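> If you scroll down you'll find the structure; I have some questions about it.
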Amino acid sequence: MVIKLSEADNLEAYRQKRDFSKTSEHPGSAAANSKGSPRFSIQKHRSKRLHYDLRLEVGGVLRSWAVPKGPSLDTREKRLAIPTEDHPIEYIDFEGTIPEGEYGAGTVIVWDIGTYENTTRADGKEVRIAEALERGHATFILSGEKLRGGYALTRTGRGKDERWILVKMKDEFAKAGEDVLEGKPNSALTGRSLAEVEEEGRAA
Ligand code: MN
């Protein structure tokens, strides 16, 4: 497979961490936005620790955050989101096993996937998503299989201490006390559990 690498993309950090002769993760092709609404996914990833990776399609890459406790439907829950390197668009539906010894070794399922609508405003004006993230506060409406409605991402620290907080916004999709992670644990794409994908990885 010949992969045309775009020099303009921001995937150097992503590629440097990975050996594509060993992992089945995608090296990423030339940056291209999908047509229509931008997409998002949340990957459930069991590596050293179980966590959830939030990915938003922005400017031809997937801006990414590791959310240790995962998203919530409860507006009172502030979920820590640690920024990670931009991922290629092709990563959005990656499900599988990352081999032992490789970066992020473990198992990944697509816990949720869909589109989002940026709703960020400042001083009464719409703010583009890239600029909103640059400024450190973005709001968006998710249309996923499991997550729906408004969420806010807010930066709380800069530099090496850069951290974000992910919060469900108040709307008809907010549900206090409901644990969607426990209630709907499996892949939104294939219905498989992490354990099943792990098992298939071992058999392969
Ligand atoms: Mn991860």
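What follows draws every value from the coordinates through simple rules; no lab data is involved. This is a predicted model, so every value here is computed, not measured. Cβ: placed from backbone, ideal geometry, glycine included. Neighbour counts: every protein chain shown.
> Please name whichever of VAL108, ALA138, TYR14 sits farthest to the positive end of the charge dipole of the chain, dipole taken about the Cα centre and charges placed at Cβ: Lys and Arg +1, Asp and Glu -1.
Working it through, the farthest residue towards the positive pole turns out to be ALA138.
> If the convex hull of the alpha-carbon atoms of the chain is projected onto planes in all directions, what is the mean projected area in square nanometres?
Working: hull surface 49.1 nm².
Reported value for the Cα convex hull: 12.3 nm².
> Mind checking the dipole of region 15-156: about its Cα centre, +1 per Lys or Arg Cβ, -1 per Asp or Glu Cβ, Debye to the nearest 20? If you can, show how the numbers build up before the last one.
On the way: 23 positive and 20 negative charges, 85 e Å.
For region 15-156, the charge dipole is close to 420 debye.
> Ignoring everything except DSSP H segments at least 4 long, calculate the 222 nm mean residue ellipticity for the chain; use -39,500 (n - 2.57) per segment, divide by total residues, nearest 500. List each step's numbers first, then the result.
Values: 4 runs with 26 residues, N = 204.
My calculation for the chain gives -3000 deg cm²/dmol from helical runs alone.
> Please list 173-181, 105-113 highest first by mean number of surrounding beta-carbon atoms within 10 Å per residue.
Details: 173-181: 14.1, 105-113: 22.2.
By packing density, highest mean first, the sequence is 105-113, 173-181.
> On a full-extension model of 0.36 nm per residue, what is the gain between ILE82 and GLU12, subtracting their alpha-carbon distance, rounded to one decimal in nm?
Values: separation 70, 0.36 × 70 = 25.20 nm, distance 1.88 nm.
That pair, ILE82 and GLU12, stretches by 23.3 nm at full extension.
> Using the structure shown, select from LYS22/LYS78; LYS17/LYS170; LYS48/LYS170; LYS125/LYS184; LYS69/LYS160 the pairs with a Cα to Cα distance greater than 29 angstrom.
Numbers: LYS22/LYS78 36 Å; LYS17/LYS170 38 Å; LYS48/LYS170 33 Å; LYS125/LYS184 37 Å; LYS69/LYS160 21 Å.
In this structure, LYS22/LYS78; LYS17/LYS170; LYS48/LYS170; LYS125/LYS184 exceed 29 Å between Cα atoms.
> With a cut-off of 8 Å between alpha carbons and a minimum separation of six or more residues, what is the relative contact order of region 50-167 in percent?
Details: 222 pairs, mean separation 25.1, N = 118.
Reported as a whole number, the value is 21 percent.
> Among DSSP beta bridges whose residues both lie in region 123-201, state the antiparallel percentage, nearest 5. Don't skip to the end; give the middle numbers.
Numbers: 13 of 13 bridges.
So the antiparallel bridges amount to about 100 percent of the total.
> Also, quick follow-up: How much length is gained if the chain between ARG121 and THR190 is pulled fully straight, taking 0.36 nm per residue apart and subtracting their Cα-Cα distance, in nm to one decimal? List each step's numbers first, then the result.
Details: separation 69, 0.36 × 69 = 24.84 nm, distance 3.58 nm.
This chain segment gains 21.3 nm when fully extended.
> Can you figure out the FRET efficiency of ALA130 with LYS69, using R₀ = 22 Å and their beta-carbon distance, to the nearest 0.05? Write out the running numbers ahead of the final one.
Numbers: r = 26 Å, r/R0 = 1.20.
In this case the efficiency is close to 0.25.
> Let me ask you something else. Evaluate the relative contact order of the chain (contact order divided by residue number), counting alpha-carbon pairs under 8 angstrom at least 6 apart; express in whole percent.
Relative contact order of the chain: 21 percent.
> How do the peptides 163-171, 50-58, 115-123, 64-72 rank, highest first, by the average count of neighbouring beta carbon atoms within 10 Å per residue? Display every interim value, and only then the final one.
Values: 163-171: 17.1, 50-58: 21.6, 115-123: 14.9, 64-72: 19.4.
Averaged packing, sorted descending, gives the order 50-58, 64-72, 163-171, 115-123.
> Find the percent of Cα-Cα distances in region 103-189 that exceed 18 Å, and round it to a whole number. Kindly include the intermediate steps, with their values, before the conclusion.
On the way: 2101 of 3741 pairs.
Above the 18 Å cut-off, region 103-189 has 56 percent of its Cα pairs.
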